[in-house]
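The values are calculated or read from the model by the stated rules, or taken from the named source; none is laboratory data. As the structure is a prediction and not an experimental result, all values here were calculated from the model. Here the Cβ is made from the backbone with ideal geometry for all residues, glycine too, and neighbour counts use every protein chain on show. Areas reflect the complete protein model, heavy atoms only, side chains present, ligands, DNA and RNA absent. Shrake-Rupley method; radii C 1.70, N 1.55, O 1.52, S 1.80 Å.
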Amino acid sequence: MQILRTVAELRTRVRGWKADGRQVGVVPTMGALHEGHLSLVRAAKRGCDRVIVTIFVNPMQFNNPEDLAKYPRAEDTDAALLAAEGVDLIFAPAPEEVYPQGFASRVIVSGVSAPLEGAMRPDHFEGVATVVAKLFGMTQADRAYFGQKDWQQLQVVRRMVTDLNIAVEVVGCETVREADGLALSSRNLRLDPLARAQAPGLYSILSRAAQALRGGAAVGTTLAGAVADLGQAGFDRVEYVELRDAATLDPITAPGTRPARLLAAVWIGGVRLIDNIPV
Ligand code: PAF
(Lines give C-alpha, C1' and ligand atoms only; values in the text may rest on other atoms or scores of the structure.)
Protein backbone atom coordinates (compact mmCIF):
# COMPACT_ATOMS: atom_id res chain seq x y z
CA MET A 1 0.00 0.00 0.00
CA GLN A 2 1.39 3.37 -1.02
CA ILE A 3 0.71 6.78 0.54
CA LEU A 4 0.69 9.48 -2.12
CA ARG A 5 0.64 13.23 -1.45
CA THR A 6 0.40 14.83 -4.88
CA VAL A 7 -2.28 14.82 -7.55
CA ALA A 8 0.37 14.18 -10.23
CA GLU A 9 1.52 10.93 -8.55
CA LEU A 10 -2.07 9.86 -7.98
CA ARG A 11 -3.03 10.48 -11.61
CA THR A 12 -0.07 8.42 -12.88
CA ARG A 13 -1.02 5.50 -10.64
CA VAL A 14 -4.71 5.58 -11.54
CA ARG A 15 -3.94 5.96 -15.27
CA GLY A 16 -1.95 2.71 -15.07
CA TRP A 17 -4.82 0.86 -13.38
CA LYS A 18 -7.35 2.15 -15.90
CA ALA A 19 -5.10 1.17 -18.82
CA ASP A 20 -5.25 -2.38 -17.42
CA GLY A 21 -9.08 -2.19 -17.35
CA ARG A 22 -9.33 -1.99 -13.53
CA GLN A 23 -12.40 -0.51 -11.82
CA VAL A 24 -11.34 2.02 -9.20
CA GLY A 25 -13.21 2.72 -5.95
CA VAL A 26 -12.65 5.66 -3.62
CA VAL A 27 -13.56 6.08 0.04
CA PRO A 28 -13.26 9.78 0.95
CA THR A 29 -12.42 10.28 4.64
CA MET A 30 -10.97 12.82 7.03
CA GLY A 31 -9.02 10.09 8.83
CA ALA A 32 -9.31 9.02 12.51
CA LEU A 33 -10.79 5.87 11.07
CA HIS A 34 -13.22 3.57 12.89
CA GLU A 35 -15.23 0.48 11.98
CA GLY A 36 -17.75 2.65 10.09
CA HIS A 37 -15.02 3.76 7.67
CA LEU A 38 -13.66 0.23 7.44
CA SER A 39 -17.10 -1.05 6.44
CA LEU A 40 -16.99 1.41 3.51
CA VAL A 41 -13.52 0.13 2.61
CA ARG A 42 -14.81 -3.46 2.65
CA ALA A 43 -17.74 -2.51 0.40
CA ALA A 44 -15.28 -0.81 -1.98
CA LYS A 45 -13.05 -3.91 -1.96
CA ARG A 46 -16.06 -6.08 -2.88
CA GLY A 47 -17.17 -3.73 -5.66
CA CYS A 48 -13.91 -2.61 -7.27
CA ASP A 49 -10.53 -3.95 -8.45
CA ARG A 50 -8.52 -1.17 -6.83
CA VAL A 51 -9.36 0.90 -3.75
CA ILE A 52 -8.14 4.38 -2.85
CA VAL A 53 -8.84 5.88 0.58
CA THR A 54 -8.41 9.63 0.74
CA ILE A 55 -7.44 11.17 4.08
CA PHE A 56 -7.85 14.92 4.09
CA VAL A 57 -9.14 17.10 6.92
CA ASN A 58 -10.89 19.61 4.70
CA PRO A 59 -10.55 23.16 6.09
CA MET A 60 -13.33 24.42 3.80
CA GLN A 61 -16.06 22.42 5.55
CA PHE A 62 -15.31 23.64 9.10
CA ASN A 63 -17.21 26.70 10.30
CA ASN A 64 -15.05 27.03 13.35
CA PRO A 65 -11.20 27.16 13.21
CA GLU A 66 -11.07 25.59 16.70
CA ASP A 67 -12.99 22.50 15.47
CA LEU A 68 -10.56 22.21 12.57
CA ALA A 69 -7.56 22.43 14.90
CA LYS A 70 -9.10 19.91 17.34
CA TYR A 71 -10.07 17.38 14.65
CA PRO A 72 -8.23 14.13 15.47
CA ARG A 73 -5.32 13.22 13.19
CA ALA A 74 -3.96 9.67 13.31
CA GLU A 75 -2.33 8.92 9.98
CA ASP A 76 -0.02 6.13 11.18
CA THR A 77 -2.83 4.21 12.90
CA ASP A 78 -5.12 4.84 9.91
CA ALA A 79 -2.47 3.56 7.50
CA ALA A 80 -2.00 0.36 9.55
CA LEU A 81 -5.78 -0.26 9.58
CA LEU A 82 -6.05 0.33 5.84
CA ALA A 83 -3.06 -1.88 5.02
CA ALA A 84 -4.72 -4.69 6.99
CA GLU A 85 -7.88 -4.24 4.85
CA GLY A 86 -5.85 -4.59 1.64
CA VAL A 87 -6.33 -1.00 0.46
CA ASP A 88 -4.17 -0.25 -2.59
CA LEU A 89 -3.43 3.40 -2.03
CA ILE A 90 -3.92 6.22 0.46
CA PHE A 91 -4.12 9.71 -0.97
CA ALA A 92 -3.27 12.14 1.83
CA PRO A 93 -2.53 15.54 0.30
CA ALA A 94 -1.46 18.69 2.16
CA PRO A 95 -3.98 21.57 2.19
CA GLU A 96 -1.86 23.49 -0.35
CA GLU A 97 -2.10 20.58 -2.79
CA VAL A 98 -5.91 20.68 -2.63
CA TYR A 99 -6.30 24.45 -2.39
CA PRO A 100 -3.30 25.98 -4.16
CA GLN A 101 -2.58 29.70 -4.20
CA GLY A 102 -5.32 31.53 -6.08
CA PHE A 103 -7.95 28.83 -5.58
CA ALA A 104 -11.27 30.58 -6.24
CA SER A 105 -13.96 28.01 -7.08
CA ARG A 106 -16.87 26.69 -5.02
CA VAL A 107 -19.47 23.98 -5.63
CA ILE A 108 -22.87 25.04 -4.26
CA VAL A 109 -25.64 22.43 -4.24
CA SER A 110 -28.73 24.43 -3.41
CA GLY A 111 -31.96 22.96 -2.04
CA VAL A 112 -30.79 19.75 -0.41
CA SER A 113 -27.88 21.56 1.32
CA ALA A 114 -30.07 24.20 2.94
CA PRO A 115 -32.01 22.62 5.84
CA LEU A 116 -30.93 20.62 8.93
CA GLU A 117 -27.11 20.40 8.97
CA GLY A 118 -26.95 23.18 6.37
CA ALA A 119 -28.99 25.50 8.60
CA MET A 120 -26.91 24.63 11.68
CA ARG A 121 -23.52 24.77 9.94
CA PRO A 122 -23.57 27.52 7.28
CA ASP A 123 -21.26 26.83 4.28
CA HIS A 124 -20.50 23.32 5.55
CA PHE A 125 -21.95 21.55 2.50
CA GLU A 126 -20.31 24.04 0.15
CA GLY A 127 -17.00 22.86 1.61
CA VAL A 128 -18.01 19.20 1.39
CA ALA A 129 -19.29 19.44 -2.20
CA THR A 130 -16.22 21.36 -3.34
CA VAL A 131 -13.72 18.92 -1.85
CA VAL A 132 -15.68 15.83 -2.94
CA ALA A 133 -15.91 17.17 -6.52
CA LYS A 134 -12.15 17.75 -6.42
CA LEU A 135 -11.45 14.28 -4.99
CA PHE A 136 -13.57 12.74 -7.75
CA GLY A 137 -11.60 14.75 -10.33
CA MET A 138 -8.28 13.82 -8.75
CA THR A 139 -8.95 10.10 -8.29
CA GLN A 140 -11.06 9.53 -11.44
CA ALA A 141 -12.79 6.78 -9.43
CA ASP A 142 -15.57 4.70 -10.98
CA ARG A 143 -17.36 4.27 -7.63
CA ALA A 144 -17.37 6.28 -4.40
CA TYR A 145 -18.48 4.99 -1.01
CA PHE A 146 -20.19 7.12 1.66
CA GLY A 147 -21.87 6.22 4.94
CA GLN A 148 -25.62 6.67 5.42
CA LYS A 149 -24.96 8.09 8.87
CA ASP A 150 -24.27 11.43 7.15
CA TRP A 151 -27.54 11.07 5.21
CA GLN A 152 -27.78 14.68 4.10
CA GLN A 153 -24.15 14.68 2.93
CA LEU A 154 -24.90 11.57 0.86
CA GLN A 155 -27.88 13.31 -0.80
CA VAL A 156 -25.82 16.45 -1.46
CA VAL A 157 -23.13 14.33 -3.17
CA ARG A 158 -25.72 12.42 -5.21
CA ARG A 159 -27.37 15.68 -6.35
CA MET A 160 -23.99 17.16 -7.30
CA VAL A 161 -22.95 14.07 -9.27
CA THR A 162 -26.23 14.10 -11.21
CA ASP A 163 -26.22 17.85 -11.82
CA LEU A 164 -22.57 18.06 -12.89
CA ASN A 165 -22.53 14.80 -14.92
CA ILE A 166 -19.66 13.43 -12.86
CA ALA A 167 -18.90 9.89 -14.04
CA VAL A 168 -18.88 8.23 -10.64
CA GLU A 169 -21.38 5.82 -9.10
CA VAL A 170 -22.19 6.91 -5.54
CA VAL A 171 -22.73 3.98 -3.18
CA GLY A 172 -24.43 4.68 0.18
CA CYS A 173 -23.52 2.12 2.86
CA GLU A 174 -25.52 1.19 5.99
CA THR A 175 -24.68 2.94 9.25
CA VAL A 176 -22.52 0.77 11.51
CA ARG A 177 -23.77 0.73 15.11
CA GLU A 178 -22.47 -0.37 18.48
CA ALA A 179 -24.34 -3.32 20.01
CA ASP A 180 -26.50 -0.82 21.96
CA GLY A 181 -27.50 1.04 18.77
CA LEU A 182 -25.21 4.09 18.98
CA ALA A 183 -24.04 4.99 15.46
CA LEU A 184 -20.25 4.84 15.15
CA SER A 185 -18.61 8.26 15.04
CA SER A 186 -15.19 9.62 15.95
CA ARG A 187 -17.10 11.99 18.28
CA ASN A 188 -18.21 9.04 20.45
CA LEU A 189 -14.70 8.98 21.96
CA ARG A 190 -15.40 12.40 23.47
CA LEU A 191 -18.45 11.14 25.43
CA ASP A 192 -17.88 10.80 29.18
CA PRO A 193 -19.14 7.55 30.77
CA LEU A 194 -22.56 8.99 31.67
CA ALA A 195 -23.11 10.56 28.24
CA ARG A 196 -21.90 7.34 26.58
CA ALA A 197 -24.45 5.36 28.60
CA GLN A 198 -27.27 7.75 27.61
CA ALA A 199 -26.28 8.30 23.94
CA PRO A 200 -27.90 5.09 22.55
CA GLY A 201 -31.24 6.66 23.58
CA LEU A 202 -31.02 8.69 20.36
CA TYR A 203 -31.35 5.59 18.18
CA SER A 204 -34.00 3.93 20.32
CA ILE A 205 -36.16 7.09 20.46
CA LEU A 206 -35.80 7.61 16.69
CA SER A 207 -36.66 3.95 16.09
CA ARG A 208 -39.80 4.24 18.23
CA ALA A 209 -40.90 7.41 16.47
CA ALA A 210 -40.25 5.87 13.04
CA GLN A 211 -42.32 2.85 13.95
CA ALA A 212 -45.18 5.08 15.09
CA LEU A 213 -44.98 7.10 11.85
CA ARG A 214 -45.01 3.91 9.77
CA GLY A 215 -48.13 2.91 11.70
CA GLY A 216 -49.86 6.15 10.68
CA ALA A 217 -49.23 8.35 13.76
CA ALA A 218 -49.51 12.12 13.17
CA VAL A 219 -46.16 13.65 12.18
CA GLY A 220 -46.25 16.79 14.34
CA THR A 221 -47.27 14.96 17.53
CA THR A 222 -44.76 12.16 16.96
CA LEU A 223 -41.84 14.52 16.37
CA ALA A 224 -42.77 16.63 19.41
CA GLY A 225 -42.99 13.42 21.45
CA ALA A 226 -39.52 12.36 20.28
CA VAL A 227 -38.08 15.74 21.29
CA ALA A 228 -39.66 15.41 24.76
CA ASP A 229 -38.37 11.82 25.09
CA LEU A 230 -34.84 12.94 24.18
CA GLY A 231 -34.97 15.60 26.89
CA GLN A 232 -36.09 13.00 29.42
CA ALA A 233 -33.39 10.57 28.28
CA GLY A 234 -30.67 13.04 29.32
CA PHE A 235 -29.91 14.89 26.07
CA ASP A 236 -28.97 18.49 26.85
CA ARG A 237 -30.30 20.02 23.64
CA VAL A 238 -32.20 18.88 20.58
CA GLU A 239 -31.27 20.85 17.46
CA TYR A 240 -33.78 19.06 15.25
CA VAL A 241 -35.87 15.94 14.86
CA GLU A 242 -37.41 16.07 11.39
CA LEU A 243 -39.20 13.85 8.93
CA ARG A 244 -37.93 14.60 5.43
CA ASP A 245 -38.11 13.33 1.87
CA ALA A 246 -35.24 10.85 1.69
CA ALA A 247 -33.67 12.38 -1.44
CA THR A 248 -34.61 16.07 -1.52
CA LEU A 249 -34.78 16.59 2.27
CA ASP A 250 -38.03 18.53 1.77
CA PRO A 251 -40.36 18.38 4.81
CA ILE A 252 -42.97 15.61 4.80
CA THR A 253 -46.33 15.94 6.46
CA ALA A 254 -47.86 12.64 5.29
CA PRO A 255 -45.48 9.66 5.36
CA GLY A 256 -46.15 6.65 3.17
CA THR A 257 -46.39 8.56 -0.11
CA ARG A 258 -42.63 8.67 -0.84
CA PRO A 259 -39.39 7.37 0.75
CA ALA A 260 -38.83 9.31 3.96
CA ARG A 261 -36.08 9.68 6.52
CA LEU A 262 -36.25 10.67 10.17
CA LEU A 263 -33.18 12.75 11.03
CA ALA A 264 -31.96 14.22 14.31
CA ALA A 265 -29.12 16.26 15.79
CA VAL A 266 -28.67 16.46 19.56
CA TRP A 267 -26.13 17.48 22.19
CA ILE A 268 -25.08 15.37 25.11
CA GLY A 269 -22.20 16.01 27.52
CA GLY A 270 -20.85 18.75 25.22
CA VAL A 271 -20.80 16.45 22.16
CA ARG A 272 -23.00 16.88 19.09
CA LEU A 273 -24.44 13.65 17.69
CA ILE A 274 -26.47 13.05 14.53
CA ASP A 275 -28.40 10.00 13.39
CA ASN A 276 -31.14 9.05 10.94
CA ILE A 277 -33.33 6.11 10.02
CA PRO A 278 -35.75 5.23 7.21
CA VAL A 279 -39.49 5.60 7.73
O1 PAF B 1 -17.70 12.55 5.72
C2 PAF B 1 -16.53 13.01 5.73
O3 PAF B 1 -15.63 12.48 6.37
C4 PAF B 1 -16.22 14.27 4.93
O5 PAF B 1 -17.29 15.15 4.92
C6 PAF B 1 -15.75 13.95 3.49
C7 PAF B 1 -16.86 13.28 2.68
C8 PAF B 1 -14.52 13.07 3.52
C9 PAF B 1 -15.39 15.26 2.76
O10 PAF B 1 -14.36 15.93 3.42
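Things to note:
- The amide H of D88, built 1.01 Å from its N in the peptide plane, has V51 as neighbours under 5 Å, considering only residues 5 or more places off or on other chains.
- Taking all protein chains together, K70, K134, K45 sort by accessible area into K70, K45, K134, largest first [probe 1.4 Å].
- Computed magnitude of the charge dipole of region 111-198 (debye, nearest 20; Cβ of K, R +1, Cβ of D, E -1): 100
- The residues of the chain expose, per residue, 46 Å² of accessible area to a 1.4 Å probe.
- Computed over region 131-279: relative contact order in percent, which uses C-alpha pairs under 8 Å that are six or more apart: 20
- Computed over the chain, relative contact order equals 17 percent, with contacts defined as Cα pairs under 8 Å that lie 6+ residues apart.
- Across region 141-279, counting alpha-carbon atoms alone, Rg and Dmax equal 15.8, 47 Å.
- Charge dipole of the chain about the Cα centre (unit charges at C-beta), most positive-ward option of I90, V266, S185: I90
- Shape call, region 221-279: gyration tensor on alpha carbons, a/c limit 1.5: prolate
- Rounded to the nearest 20, the size of the Cβ-charge dipole of region 167-257 about its Cα centre is 180 debye, with Lys and Arg at +1 and Asp and Glu at -1.
- Which of L38, N276, G256, positive extreme of dipole for the chain (C-beta unit charges): G256
- Region 148-199, relative contact order in percent, only Cα pairs under 8 angstrom and at least six apart counted: 28
- Heavy-atom accessible surface of the chain: percent carbon and sulfur, 1.4 Å: 51
- Mean projected area (nm²) of the alpha-carbon convex hull when the chain is viewed from all directions: 15.0
- For a modelled paramagnetic label at A228, 7 Å from Cα along Cα-to-Cβ, no residue of region 245-262 is in reach, as no backbone nitrogen comes under 16 Å.
- For region 95-155, a simple Cβ point-charge model (Lys and Arg +1, Asp and Glu -1, everything else neutral) yields a dipole of about 120 debye relative to the Cα centre.
- Every helix of 4 or more DSSP H residues in the chain counts as -39500 (n - 2.57), and over all residues that averages to -12000 deg cm²/dmol at 222 nm.
- Protein-only accessible surface order, largest first, of T248, T29 at 1.4 Å: T248, T29
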